[in-house]
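Asks: First the structure, then my questions, so here it is.
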Amino acid sequence: MTEEAKDRDEPSFEASTERLTAIVQQLEEGELPLEQALELFEEGIGVARAAQARLDAAEKRVEELLGIDERGEAKTRPFES
């Protein structure tokens, strides 16, 4: 699977943060059976890691775009995640 296809299959950063918010709210209510709470917690960890990976990739891309060479020109190269 290409990176582009993988990105289409994964939820957006915004969708991930919305899902994390919903998970936290459910867990904070404290009314779930232990097994369900553990499943939600595990899902939340996965969603958080995927969101962090998207943030890291975006930060790397911004750093690449803001790079300037010794002549004062912007340094660019194809993005690799």
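No lab work stands behind these numbers, since they all come straight from the coordinates. As the structure is a prediction and not an experimental result, all values here were calculated from the model.
Asks: Quick one: what are the phi-derived ³J(HN,Hα) couplings along region 30-44, Karplus 6.51/-1.76/1.60 with θ = phi - 60°, whole Hz, x for glycine and proline?
Replies: 3J(HN,Hα) across region 30-44, in whole Hz: x, 9, 8, x, 3, 4, 5, 4, 5, 4, 5, 4, 4, 4, x.
Asks: Hey, what's the Kirkwood Rh for region 3-66 if you take every pair of different alpha carbons, in angstrom?
Replies: 13.2 Å
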